[in-house]
Amino acid sequence: MKLIVTGGAGFIGSAVIRYLINETNTTVINIDKLTYAGNLDSLAPVSNSSRYHFTQTDICDTKALQKVFTQFQPDAVMHLAAESHVDRSIDGPAEFINTNIVGTYTLLETAKNYWQTLDNKAKEKFRFHHVSTDEVYGSLGKTGLFTESTSYQPNSPYSASKASSDHLVRAWHHTYKFPVITTNCSNNYGSYQFPEKLIPLIILNALEGKPLPVYGKGENVRDWLYVDDHARALYLVLKQGKLGETYNIGGHNEKTNLEVVQTLCTILDEILPTSPHKPHNQLITFVTDRPGHDLRYAIDANYIQKTLGWLPQETFDTGLRKTVQWYLENREWWQRVRDGSYQGERLGLGI
């Protein structure tokens, strides 16, 4: 199979490509604009493979996309390219509207026009897999779970832009019979994650003895999914998922933000017994909550389990320990990131 992966230099996209190259016979072309969070270093383990190709291309650029489709002749598209950080969407929503909505529209149109030129056998084989988030569903109370039929109620500029892209994908399927599949996932964590996100930010701040910022009282709940488990699920959905369907992918790991930070502190205390910052939980600092912070997300992942047989392999404890160990062993990777555009500053104040 020849597969286009958009956003393949990002956190989840690079995990998907590493999985595809290492565990399957897929030939991949990575389309990535290389914004601040795109990092080709994350693909170093597979970059020498004859089945891996890269083009620095903006998904809003119709002519550039058409050229890629014409030359590469893909059997499928896995669309992960997106602006994804809620705090950044509060400070600057325009980029989210452009990439997540206009970019998805441009990619859909290019892919649809390419698909329409295929012979019947290739047309039947083609898939467009749209990768989205559970944040499109809005906020849960203390009980309940998001299912594939949960109504959309996005509450941030980021989630609104992703909800819009989901609706576009659905419309292209129903209007043009374009062969699409959508997945909505919970919070991902793991190696190679850009350090503006909670888990890597806490790990790196703790290593440097900096404050560990926790929004509000730390009571916001998220379901955590190890990124390599997510990569396996995405490939499974691409290969075996039913056209027009949505699959929710979750880790069965509901934790408050404070629990996550405290667990990280405990792991760091164990792994780094001589750290001058031990106990690391003394660094926890409660900060002003971000505007419109959703209280709780939690996914019911029973549908993908029942229909495709997928279950996460990592528990929260095993995945988190692997993640901490990776950041300890790959200082060069994150130091280059921190020497660049992001220095760990607070984002999403809405000012």
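Miscellaneous remarks
- The number of residues in the stretch 238-266 that are touching a helix residue (DSSP H, G or I) at 6+ places or on another chain (Cβ under 9 Å), surrounded by 16 or more Cβ atoms within 10 Å (Cβ to Cβ) and in a helix (DSSP H, G or I) comes to 7.
- Scanning the stretch 246-259 for residues that are within 24 Å of Thr147 (Cα to Cα) and of a type outside the set (Lys, Arg) gives Thr246, Tyr247, Asn248, Ile249, Gly250, Gly251, His252, Asn253, Glu254, Thr256, Asn257.
- Check on Pro195, touching a residue at least 40 places away in the same chain (Cβ under 8 Å), at negative phi and under 14 Å from the mean Cα position of the chain (by Cα): yes
- For His167, the conditions (1) without any contact (Cβ under 8 Å) to a residue 40 or more places away in the chain; (2) in contact with a helix residue (DSSP H, G or I) (Cβ under 7 Å, 6 or more places away or on another chain) are fulfilled apart from (2).
- Residue within the stretch 217-226 that is within 13 Å of the chain's Cα centre (by Cα), among the hydroxyl-bearing types (Ser, Thr, Tyr) and under 30 Å from Leu40 (Cβ atoms) present: yes
- Out of Ile21, Ile59, sole residue that is over 17 Å from Ala81 (Cα atoms), touching a strand residue (DSSP E or B) at 6+ places or on another chain (Cβ under 8 Å), modelled with pLDDT of 95 or more and not in a strand (DSSP E or B): Ile21
- For the stretch 44-80, the candidate set comprises residues that are of a type in the set (D, E, K, R) and free of Cβ contacts under 8 Å to residues at least 40 places away in the same chain; within that set, the residue that is surrounded by the most Cβ atoms within 10 Å (Cβ to Cβ) is Arg51.
- Residue in the stretch 153-167 that is farther than 21 Å from Asp223 by Cα and surrounded by fewer than 21 Cβ atoms within 10 Å (Cβ to Cβ) present: yes
- Looking only at the stretch 207-230, and only at residues there that are acidic (Asp, Glu) and out of contact with any Pro (no Cβ under 8 Å at 6 or more places or on another chain), the one that is surrounded by the most Cβ atoms within 10 Å (Cβ to Cβ): Asp223
- Counted residues, the stretch 150-175 - those being part of a loop (DSSP other than H, G, I, E, B) and touching a strand residue (DSSP E or B) at 6+ places or on another chain (Cβ under 9 Å): 1
- Among the residues of the stretch 101-149, those identified as acidic (Asp, Glu) and within 26 Å of Ile12 (Cα to Cα) are Glu109, Asp134, Glu135, Glu148.
- Count of the stretch 176-197 residues, restricted to those that are closer than 23 Å to Asn39 by Cβ, modelled with pLDDT of 95 or more and either in a helix (DSSP H, G or I) or not polar (S, T, N, Q) (or both), is 4.
- Here Gln305 passes the criteria (1) out of contact with any helix residue (DSSP H, G or I) (no Cβ under 9 Å at 6 or more places or on another chain); (2) closer than 28 Å to Ser156 by Cβ; (3) modelled with pLDDT of 95 or more except the one numbered (2).
- Residue check, Trp326 assigned to a helix (DSSP H, G or I), at pLDDT below 95 and among the hydrophobic types (A, V, I, L, M, F, W, C): no
- Of the listed requirements (1) over 16 Å from Val131 (Cβ atoms); (2) out of contact with any helix residue (DSSP H, G or I) (no Cβ under 8 Å at 6 or more places or on another chain), Thr55 misses just one: (2).
- Filtered residue count, the stretch 122-149, keeping only those that are touching a Leu at 6+ places or on another chain (Cβ under 9 Å), under 23 Å from Lys177 (Cβ atoms) and in a strand (DSSP E or B): 5
- Scanning the stretch 267-294 for residues that are surrounded by 14 or more Cβ atoms within 10 Å (Cβ to Cβ) and either part of a helix (DSSP H, G or I) or touching a Ser or Thr at 6+ places or on another chain (Cβ under 7 Å) (or both), we see that the one that is modelled with the lowest pLDDT is Gly292.
- Taking the criterion of being of a type in the set (Ser, Thr, Tyr) and either closer than 14 Å to Val169 by Cα or assigned to a loop (DSSP other than H, G, I, E, B) (or both), the residues of the stretch 68-121 that qualify are Ser84, Thr104, Tyr105, Thr106, Thr110, Thr117.
- Output for the stretch 10-43, where each listed residue is surrounded by fewer than 18 Cβ atoms within 10 Å (Cβ to Cβ) and of a type in the set (Ser, Thr, Tyr): Thr24, Thr35, Tyr36
The values are calculated or read from the model by the stated rules, or taken from the named source; none is laboratory data. Because the structure is a prediction, the values reported are computed rather than measured. Here the Cβ is made from the backbone with ideal geometry for all residues, glycine too, and neighbour counts use every protein chain on show.
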